[in-house]
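Have a look at the structure below before the remarks.
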Amino acid sequence: MCVEESKHQFPPVLLIAQPLANISMREHVLYEGQYLGQTIESYKTDMISVKSTLHQKFESKFHAHSNAYLSILLSGKYSETTSDSHKIVSPSNVLYRPAHHEHKNQFIAEKTKCLNIEFGSEWFDKHEIDPKKIKPQIKDIQSHPLVLRLLIDFLKHQKIDFFEELLIQFITSREKAISPLRKPWLGKLVRILDNEIEKTHSLLTLSERVFVHPNYMLRIFKQHFGVTIGQYQMECKIKSATKKLFTEKNSITQIAAECGFFDESHFIKTFKACHSITPHQFRLLLK
């Protein structure tokens, strides 16, 4: 697969400030590689184009892209308005937008940085995916570690390994339906783990709070969720820490304490084991 890389900067794409009804489709469509901003870095294969873009504070007119694309917000903030919705997009949000999805954006921060992954129509054909069946969606990247890996690979090395399987998994997956928790204590246990990220829970203290024997609690939890209580607890901490690295300016030490790690060293070691990069390095890549 032929790959072309470029770091040339291009001027922002300016939209004609006319009512949407009075302009032709050609005039308000952004074609392959065009975005509302300045290109910082780019990577291209036969069927996929990846670009990081920088956006100044401004409001666009309604427009659409000729190709479907993912957009990961790295820093800053913007709003997106469609004919039937208005959303605020925050760092770590991942948007999927089908081809010709009409919307307008208001970039709220002085500088907003995005990573955009654009799919040619032949990409869907190759993988036998019907793009019409994939609806617009917004997800949090910390809940999709494979897509987070894709992001890190591009920002760190300007390349993407195994990107096709990562993208296929992301855009075709649906949120898992939460099966009913037949045991009330199991729901209480999950709420404790989800909502008390800053604490390090022991099996004994957890069992005392849900009034279940530790061994029975461990067995039923693993049967239902497929991971141990310790693994689930650590996943919650890493997700929370990752979100904070996107959205907050607190120090690494503060984030480690807020997410219940023993200390900064423990946080760095665990984060690097998960993402092959330290929290500090990750934060630098987002700037």
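The values are calculated or read from the model by the stated rules, or taken from the named source; none is laboratory data. Note that the structure is predicted; figures quoted are calculated from it, not measured. Please note: Cβ atoms are built from the backbone with ideal geometry, for glycine as well, and neighbour counts cover all protein chains shown. Only protein heavy atoms, including side chains, enter the accessible area calculation; ligands, DNA and RNA are left aside. Shrake-Rupley method; radii C 1.70, N 1.55, O 1.52, S 1.80 Å.
Report whether or not residue 61 is open to solvent by 20 Å² or more (accessible area, probe 1.4 Å) and not in a loop (DSSP other than H, G, I, E, B). It would help to see each step written out before you state the result.
Values: open to solvent by 20 Å² or more (accessible area, probe 1.4 Å): yes; not in a loop (DSSP other than H, G, I, E, B): no.
Judged against the criteria, residue 61 is not a match.
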- Is it the case that some residue within the range 230-243 is among the hydroxyl-bearing types (Ser, Thr, Tyr) and either over 22 Å from the mean Cα position of the chain (by Cα) or surrounded by fewer than 16 Cβ atoms within 10 Å (Cβ to Cβ) (or both)? no
- Could you please tell me which pairs satisfy a Cβ distance under 6 Å, a separation of 6+ or placement on different chains, a first residue in the range 31-46 that is open to solvent by 70 Å² or more (accessible area, probe 1.4 Å), and a second residue that is modelled with pLDDT of 85 or more? 31/66; 32/67
- Message: Quick check on this structure: which one of 171, 268 is over 24 Å from residue 93 (Cβ atoms), under 24 Å from the mean Cα position of the chain (by Cα) and either in contact (Cβ under 8 Å) with a residue 12 or more places away in the chain or open to solvent by 30 Å² or more (accessible area, probe 1.4 Å) (or both)?
- Response: 268
- Per the filter on the range 115-142, residues assigned to a helix (DSSP H, G or I) and either open to solvent by 60 Å² or more (accessible area, probe 1.4 Å) or among the charged types (D, E, K, R) (or both) are 121, 122, 125, 126, 132, 133
- Of the residues in the range 68-87, those that are in contact with an Asp or Glu (Cβ under 9 Å, 6 or more places away or on another chain), in a strand (DSSP E or B), in contact (Cβ under 8 Å) with a residue 12 or more places away in the chain and open to solvent by 30 Å² or more (accessible area, probe 1.4 Å) come to 87
- Inspect all residues belonging to the range 95-111 and state whether any of them is assigned to a strand (DSSP E or B), open to solvent by less than 10 Å² (accessible area, probe 1.4 Å) and small (Gly, Ala, Ser). no
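Yes/no matrix, rows are residues, columns are (1) more than 30 Å from residue 110 (Cβ to Cβ); (2) at pLDDT 95 or above; (3) in a loop (DSSP other than H, G, I, E, B); (4) of a type in the set (A, V, I, L, M, F, W, C):
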{"residue": "179", "(1), (2), (3), (4)": "yes, no, yes, no"}
{"residue": "197", "(1), (2), (3), (4)": "yes, no, yes, yes"}
{"residue": "221", "(1), (2), (3), (4)": "yes, no, no, yes"}
{"residue": "244", "(1), (2), (3), (4)": "no, yes, no, no"}
{"residue": "285", "(1), (2), (3), (4)": "no, no, no, yes"}
- Query: Across the range 199-219, what is the number of residues that are open to solvent by 40 Å² or more (accessible area, probe 1.4 Å) and not in a helix (DSSP H, G or I)?
  - Reply: 5
